[in-house]
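Down below is the structure, laid out as structure tokens.
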Amino acid sequence: MGSESYWLDSAPAFTSAQRGAVEGQVDVVVVGGGLTGLSAARALAMKGASVVVLEAAQVIGEASGRNGGQCNTGIAQDFGAMAASRGVDQARAFYQAYADAVTSVQQIIEQEQIACDFSRNGKLKLAAKPQHVAGMEKTCELIRREVDADVAMLSREEVRREVQSDQFHAGLLQRHGIQMHVGKFGVGLAEAAVRHGAVIYENAAVTGWQKQADGYRVDTARGQIRARQLLMATGASQVGPLNWYRRRMAPVGSFIIVTEPMAAERLLALLPMQRSYVTSRIIGNYFRITDDNRLLFGGRARFAMSNPRSDALSGEVLKKTMTEMFPQLAGVRPAYCWGGLVDMTADRLPRAGEHEGIYYSMGYSGHGVQMSTHMGLVMAEVMGGNAAANPWRELSWPAIPGHFGKPWFLPLVGAYYRLQDHLH
């Protein structure tokens, strides 16, 4: 069982990284070569700015290339709960931001002709307990009435025709989610940014920066560069002097297995509609079929940081859960098992804006494939003077109490969520 991300292992190599020292002066330095940074670099370069991306390791090598490949509409929180706490108008605006984000991904794929196994099959959220059905029905009706008429509730029998498992009691269908190979998409996005004029340095970890009269001096492992504007697109990165951001997010591990290839007929019998699927538990699971006939199956198997030992232990939990959900897969072996860090905010909403003159966008809380790409485009607008383009501009972002950069509290959070899952 390989320990590399399936997406990264099966993507083409990025061949356009800049060689030589980091030096010179540019309009914008983007810190982080994930989807946020690459999307922003492309958009800024298309506006005529000189842009340099500084990536500590390899482009899309962390969260952007180590996720579950879900790219869907719908906010991380329950829409009904958000409408109750923040008002229907705010909930509608946030929901629309995620719908816009999916559209942004599709538009970039089409504009840049990125070959990344694109399809539009939608997402089905599965009620894992009978008591979840009523709340899901209420949420569906509210979404249909307020923001998205093209959602539907599926009965237990309808779900059973879509998902060959006895574990689910109903489902909420959102039809506008898309699927793609995120590794191929990420490399394609990086190549597109370079084509439009951006310069990307890999293995160029940022070690510090200093405000100057005309912008910033940025120090890296490969040299020094000056920029008029600076964008932090680092997510849950544990590299570099990013403690102000780290204190505001919990780097929660998310873990994934991908099976060996199977006969297409076997997979289609299991999941004939080939959607993206997610369960309604707090510590739930997500799964989908890949373009080369594998089953991807992931979730927060353990509340721990990702490392080789943690990934392997989580892989065993996921394999057990997968075969309990789908007994017909007993004997199917995982070919890949890996983990990554999710940049989880306290309320599971993204954060983007400006801190001490430095722009940032991160905190996507497990919904980053679409939102990171979209926010790269948004931040290019914000950095050009259009602050109103940012849908998250009014959210405050206090530090998590007691969190100073190392997430010592993850086991406690895991125990609390497991209790909630048991009770509800």
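FYI, it's all coordinate maths here, none of it is from the lab. Because the structure is a prediction, the values reported are computed rather than measured. Using ideal geometry, Cβ is built from the backbone for each residue, glycine included, and neighbour counts are taken over all protein chains shown.
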The stretch 115-140 and the stretch 273-349 have their Cα centres apart by a whole-number Å value of 16
With label points set 7 Å from each Cα along the Cα-to-Cβ direction at A346 and R175, the distance between them in nm comes to 4.0
Per-residue Cβ contact counts at 10 Å, fewest first, order S64, S5 as S5, S64
Packing-ranked peptide list from 205-218, 20-33, highest mean Cβ count within 10 angstrom first, is 20-33, 205-218
Output ordering of 84-95, 375-386 (per-residue mean of other Cβ within 10 Å, highest first) is 375-386, 84-95
Taking N as the residue count of the stretch 296-407, its alpha carbon Rg divided by 2.2 N^0.38 Å gives 1.40
One computes Rg over Rh for the stretch 143-222 from alpha-carbon atoms, with the Kirkwood Rh, and obtains 1.30
Note: probe point = Cα of S85 + 7 Å toward Cβ; backbone nitrogen < 17 Å; residues of the stretch 258-301 passing the test are 281-283
Helix-only [θ] at 222 nm, the chain, -39500 (n - 2.57) per DSSP H run of 4+, per residue, nearest 500, equals -10500 deg cm²/dmol
For the stretch 144-278, the dipole about the Cα centre with charges only on Cβ (Lys and Arg +1, Asp and Glu -1), to the nearest 20 debye, works out at 620
Expressed in angstrom and ordered largest first, the alpha-carbon extents of the chain along the principal axes are 65, 46, 43
Mean Cβ-within-10 Å packing, highest first, puts peptides 225-234, 44-53, 389-398 in the order 225-234, 44-53, 389-398
Each label sits 7 Å from Cα toward the beta-carbon; between R333 and E23 the label points are separated, in nm, by 5.1
Once Lys and Arg are counted +1 and Asp and Glu -1 for all other residues with Cβ under 12 Å from that of A213, the total becomes +3
Answer in debye to the nearest 20: the dipole magnitude of the chain about its Cα centre, from +1 Lys/Arg and -1 Asp/Glu charges placed on Cβ, is 700
Counting lysine pairs in the chain that sit 8 or more positions apart or on different chains, with Cα atoms under 22 Å apart, gives 8
